[in-house]
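Bear in mind these aren't lab numbers, they're just calculated from the coordinates by the rules spelled out. It should be emphasised that the depicted structure is a prediction, and the values quoted were computed from it without experimental measurement. When we count neighbours, we look across all protein chains shown, and the Cβ atoms used for this are built from the backbone with ideal geometry, even at glycine.
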Amino acid sequence: MHNDAEGLDNPRGQEVIRIKDLSFQYKAQKGEKALDDLTLDISKGQFVVIMGPSRAGKSTLANCLNGLIPNFMKGKYEGEINVLGKNPAKEKVGTMAKDIGLVFQDFESQLFSTNTKLEIVFGPENFNMPRAEMQKIIARILQVVNLAGMEDRQPSTLSGGQKQRLAIGSVLAIQPKIVCMDEPTTDLDPIGKLGIFQIAKELHEDKDLTLIIIEHETEEALEADRIVVINDGKIVRDGKPQTVLREVEYFESLGLMPLQVPKYFNRLGVAQADLPLNPAAGMAKFRELGLVIEAGKYGELVQKDAEREQSYGDPIITLRGLEHTYANGNKALKGINLEIRDGEFIAILGHNGSGKTTLVKHFNGLLKPTSGEVIVNGKETKQHTIFEIGKGIGYVFQNPDHQIFSDTVYAEVAFSPKLRGFSSEEIDHRVKEALKAVDMEGYEQEDPFSLTKGERQRIAVASVLSAQPKIIILDEPTTGLDFKEQRQMMELIKKLNESGHTIIIVTHTMWVVAEYAHKVAVIKDGLMTMYGRTRDVFKEDEKLVESFLKPPHIVTLSNYLGKTSLSVDEFLYCTQRNAEKR
Amino acid sequence: MDMFLYMDKDTYMHRLDPRTKTFMMLGSFAIIAMFYTLTPLMVISALVILYGASGKTLPNLKRIRVVLMMIGLFSLVIWSFAKPGATPVLGPISWEGIIYGVAMAIKIDTMIIAGMIFLSSTKMEEIPVGWVRLKIPYRVAFAFSTALRLVPTIVGTSYIITQAQESRGLDLQSGNLLVRAKKYIPLLIPVFVSVIRGTNVFAMALESKGFGYSDKRSNYLETGYNKADIILLTVLVLLLALSIYLKITTKL
C-alpha cells in the first residue's frame with residue numbers, strides 16, 4: 001500500500017480518532033464486507049477528505065464514527081474505534097453527538113423544524129443548553145453558515161445550498177469537536193457546492209475542530225490537509241492532496257474522476273511530481289513547456305460542431321413566450337422562447353430553484369403553460385393529455401425510487417408498453433431491446449429494489465425507452481453515481497442520441513454537459529440567460545458564474561488560451577507537441 | 001410548494017401557550033360532541049369560527065374546502081335518506097332528515113375546523129413543549145408532532161411520483177372504480193419505499209443531534225400562561241359548564 005501519511009503534520013498523541021482493524025458487514029451482505037480491517041488515525045484540527053467509488057465503505061465509516069453503526073444499523077462488527085476517548089460502539093448515539101456531528105447527503109430528510117432558528121437549536125435543546133446561550137449560538141451559527149437574516153424562514157422555502165448549510169449549522173450548534181459530512185454537496189449546483197467548501201475552509205481555521213468530508217468532487221478536495229482513498233473497505237491511498245491527486249492513472253483505475261489539469265499533462269508525458277493541479281498552475285506549465293494550440297485542429301472541432309448542427313431534423317419542441325405561475329402566485333418561468341430540433345442533445349442548466357425542472361415538465365405536458373405555448377411533436381400541449389403527449393416523449397425522473405414498483409426488472413420495463421396497449425410479443429421484444437440498450441440483459445428476473453443506485457437508474461431509463469419515445473428527457477441522470485457509473489450512464493445516453501433520439505438533460509454536473517451536450521440553455525430566475533452550442537456557452541466563464549455555474553477545470557484552462565476545449569481529449573487533440581520535452 | 005399547515009402570523013393566538021390552544025381544541029370537541037340539534041350546533045360553529053378569525057387562521061380553511069364540502073354533502077344526502085321523519089318532502093326524504101343532515105354536517109365540519117385552527121396557530125415544536133408540561137412523555141409528544149411533519153413530506157413525494165408514473169403512461173382519469181384502484185399500486189409502492197428511506201435518514205439525523213441524550217431538555221420557545229390564556233381558559237370552562245347544564249336541563 002502506498003502511504004505517505006508519515007509526511008503529514010500528524011503530531012503523535014493529538015489523535016482525536018483512532019480506528020484499529022475495523023471490519024463491518026451489513027446483515028444483507030454475504031461474503032464481502034463494507035469495511036475490511038481498516039486502520040486510520042486522524043489528528044486534532046485536520047481537514048480530511050475521504051474519497052472512493054460507490055460502495056467502497058465511505059458512509060459505513062462515517063456512521064461508525066458516531067455509533068450509528070452498530071447501534072442503529074446492525075451487522076457483524078469487529079475491531080475498535082476510539083473517538084476522543086470514547087468507544088462509539090458502546091455509547092448511545094446521543095452521547096457521541098456531543099463530540100462528533102454528522103451531516104448527511106439528503107438535506108430534505110434532515111430538516112424538520114418550522115423555521116431556521118428552531119432547526120439550529122434542536123441539538124442544543126437536547127443537551128439542555130440554557131436559553132440565553134442558545135440565542136448567542138443562533139446568531140453565531142447564522143453567520144458561520146452564511147444564513148444571516150433568514151432566521152424566521154421555513155426550511156422548505158430555502159434553496160438546496162441554503163438547506164444543506166442549515167443542516168451543517170444545526171450540527172455545529174452542538175459545538176462538536178469533530179464534524180463529519182457525508183457527501184454534503186452531491187445534490188447541489190456548482191455554486192452551492194462551493195458555498196459548502198467555503199464554510200469548510202472557514203471552519204478549518206479553528207485549529208481545535210477536526211473536519212472530515214466524504215466527497216467525490218475532486219476539484220474541491222484540493223483544499224484539504226489530507227486525502228484518504230478507500231476501496232473495497234480498505235484504505236488504498238492516504239496523503240496530502242498535492243500528492244494523492246497527482247496519481248491520475250490510479251484514480252482512473254479505481255473509477256474515480258481524476259483532476260482534469262494533471263490528467264492533461266500526464267497524457268503529455270509530464271512526470272507525476274511535476275503535474276500542475278489547477279488551471280492557473282496548468283497555464284504556467286503550458287507556457288513553460290512551450291506548448292501551443294494548433295489553430296487548424298481547433299478549427300476542425302468548431303467545424304464539426306457546425307456540421308452536427310446541419311444534420312438536425314425539423315423542430316420537434318417549440319416554446320413561444322412560455323410563462324408559468326404556480327397556484328401560490330410564484331412565477332417560475334417568465335417568458336421562454338426555445339426551439340429544439342430532431343436529433344439534438346441539449347442540456348438545461350441552472351442553479352437549484354432556477355425553474356429548469358418546471359421548464360422541462362412542460363415538454364411532456366405534466367405542466368401546462370399559464371401563458372404562451374408549447375408544441376411537442378406537432379401537438380399543442382394545452383390541447384392534449386399527458387397520456388397522448390407522452391407517446392412521443394419519455395421522462396426519466398431524478399430519483400429512480402420514485403418510479404420503480406415492480407417485483408421484477410422485466411415487469412418494470414414492460415409497464416409502459418403495456419399501458420400503451422401493445423401485444424405481448426411486441427412488449428417482449430421491446431423489453432429485450434431496452435434492457436440491451438442499457439446493458440442490463442440477464443437481469444429480467446431480478447428484484448429491482450436489490451440493485452445498486454446506478455443499476456436502478458439504468459432500469460428507470462430502460463422503462464422509459466421501452467415505450468420507444470422520439471424524445472427522452474432525463475432529470476439529473478448522474479446524481480448520486482460515482483464517476484465510473486456517470487460515464488456509463490452518459491455513454492448510454494450518447495448512444496441513444498446517435499440512434500436517433502432527441503435528448504434533453506437537466507443537470508448540475510458540468511463536465512457531463514461539456515463532454516456530451518451539443519447545446520446548452522441556461523435558466524436563471526425563470527429566464528433563459530444563455531443559449532447556444534456548448535462550446536460557445538462555455539466560452540463565457542464569467543457569465544456562467546453569474547448564473548451560479550462553474551465550468552470544469554479543463555474548460556477554464558483552455559479559455560485562458562481563447563480556444564474553448566470541452567474535454568481533456570479535445571484539448572490534447574489541439575495541442576501542438578513539437579516543442580515539448582519528454 | 002408550501003404544504004405546512006402552520007401559518008406564521010403574529011397574533012395573540014400564536015402567542016398563546018400551546019397548552020391553552022390544546023385545551024381550546026379539546027374543549028371545542030367536547031362541546032360539539034354533546035349536541036345533535038341544529039340551533040346549538042350553529043351557535044357553537046359560529047363561536048369556533050369567531051375564535052379562528054381572531055387568530056387570522058381562517059384562510060387555511062380554503063385548503064380543505066373540498067373536504068369540508070364533501071363531508072357536508074355526504075352527511076346531508078345520507079341523513080336525508082336514513083333519518084325518517086314526520087314531514088315528508090320527496091319520496092323517503094323528510095324535512096326532519098334534511099335538518100338532521102345539516103346539523104351533522106355542521107357538527108363534523110366544525111370539529112375539523114377546530115383542529116385546523118389548532119394546527120394553523122401552533123408550531124410543531126410547541127406541541128411537545130406544551131404537552132410535556134401536561135405530563136405527556138416527550139417521546140410521545142415528539143412522535144405526534146413528527147407524524148404531522150411527515151404529512152406534507154408524503155404529499156410532496158406522492159406528487160412527484162404521480163408525475164413520474166403519468167409520464168410513463170399511467171392514466172389515472174379513466175376506468176371504473178376497480179380498474180382505478182389497481183392503478184394506484186404503481187403510486188403506493190414508490191411512496192412507501194421513499195417515505196421509509198426518508199424516515200430512516202431522518203431518524204439518523206435526529207440521533208446524530210443528540211435526540212434522547214437525557215430526559216432533561218431545555219426549550220428555546222418560551223411558554224407560559226399570560227392574561228390572554230387565563231381569559232380564554234376561563235371562557236372555555238364557563239362554556240363547558242353552560243353546555244353541560246343545558247344538556248342536562250333541556251332537550252337540545
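Brief remarks follow.
- Taking 18 Å as the limit for the C-alpha separation, the pairs B:Lys21/B:Lys123; A:Lys334/B:Lys9; A:Lys361/A:Lys470; A:Lys334/A:Lys379; B:Lys83/B:Lys107 exceed it in the case of A:Lys334/B:Lys9; A:Lys334/A:Lys379.
- Pairs of Cα atoms farther than 43 Å apart, chain A, %: 24
- Across the stretch B:132-208, the relative contact order, built from alpha-carbon pairs under 8 Å that are at least six residues apart, equals 29 percent.
- Cβ-derived FRET efficiency at R0 45 Å, B:Ala241 paired with B:Ala86, nearest 0.05: 0.85
- Chain B, helix-only ellipticity at 222 nm - DSSP H runs n ≥ 4, -39,500 (n - 2.57), divided by all residues, nearest 500: -23500 deg cm²/dmol
- Estimated FRET transfer efficiency (B:Leu47, A:Asp206; beta-carbon r; R0 60 Å; 0.05): 0.60
- Per-residue Cβ neighbour rank within 10 angstrom, fewest leading, A:Glu455, A:Glu444: A:Glu444, A:Glu455
- Separation between Cα centres of the stretch B:91-128 and the stretch A:442-489, rounded to whole Å: 48
- Shielding score for B:188-195, defined as the mean number of other chain Cβ atoms within 10 Å: 4
- Cut-off under 5 Å, modelled amide H: who pairs with A:Leu333 long-range: A:His324
- Spin-label zone in the stretch A:38-58 - amide nitrogen under 19 Å from a point set 7 Å from the Cα of A:Asn82 along the C-beta vector: A:38-46
- P(r) weight above 17 Å for the stretch A:432-510, C-alpha pairs, percent: 42
- Where Rh is the Kirkwood radius over Cα pairs, Rg/Rh for the stretch B:132-208: 1.15
- Counting 0.36 nm for each residue step from A:Lys74 to A:Asn337 and taking away their Cα separation leaves a gain of 89.3 nm.
- Neighbour-count order for B:Thr146, A:Thr534, B:Thr39, fewest beta carbons within 10 angstrom listed first: B:Thr39, B:Thr146, A:Thr534
- Neighbouring Cβ atoms from other chains, within 10 Å of the Cβ of residues in A:259-270, number 0 on average.
- If the segment from A:Glu300 to A:Glu388 were pulled out straight at 0.36 nm per residue, it would be longer than the present Cα-Cα gap by 27.5 nm.
- Cα-based shape type of chain B, given that a ≥ b ≥ c are square roots of the gyration tensor eigenvalues and the cut on a/c is 1.5: oblate
- With both labels modelled 7 Å from their Cα along Cα-to-Cβ, the B:Gln173 to A:Ser54 distance reads 3.7 nm.
- Overall form of the stretch A:125-251 per C-alpha gyration tensor (a/c, 1.5; a/b vs b/c): prolate
- For the stretch B:51-80 versus the stretch A:161-220, the gap between their alpha-carbon centres in whole angstrom: 46
- Cβ neighbours within 10 Å from other chains - mean over A:362-373: 1
- Ranked packing of B:105-114, A:535-544, most packed first, by mean Cβ within 10 Å: B:105-114, A:535-544
- Fully extending the segment from A:Glu288 to A:Glu133 would add 50.2 nm, taking 0.36 nm per residue of separation and subtracting the current Cα-Cα distance.
- When each full DSSP H helix of chain A is screened for a Cα extent of at least 30 Å along its own axis and an average Kyte-Doolittle hydropathy of at least 1.0, none passes.
- Given R0 = 25 Å, the distance between the Cβ atoms of A:Asp314 and A:Ser423 translates into a calculated FRET efficiency of 0.25.
- Look at A:Lys27, B:Lys209, A:Lys563 and count the other Cβ atoms within 10 Å of each Cβ; fewest to most, that gives A:Lys27, A:Lys563, B:Lys209.
- Burial ranking of peptide ranges A:250-259, B:194-203 (average Cβ count within 10 Å, highest at the top): A:250-259, B:194-203
- Toward the positive end of the charge dipole of the protein assembly as shown, with +1 on the Cβ of Lys and Arg and -1 on the Cβ of Asp and Glu, the farthest Cα among B:Val201, A:Gly392, B:Thr110 is that of B:Thr110.
- Gyration tensor (alpha-carbon) shape descriptor, the stretch A:352-497, a/c threshold 1.5: oblate
- Span-rule helices in chain B, defined as complete DSSP H runs reaching 15 Å or more along the axis (Cα) with Kyte mean at least 1.6: B:38-54, B:65-82, B:227-249
- Placed amide H near A:Arg341: partners under 5 Å, 5+ positions off or other chain: A:Ile316
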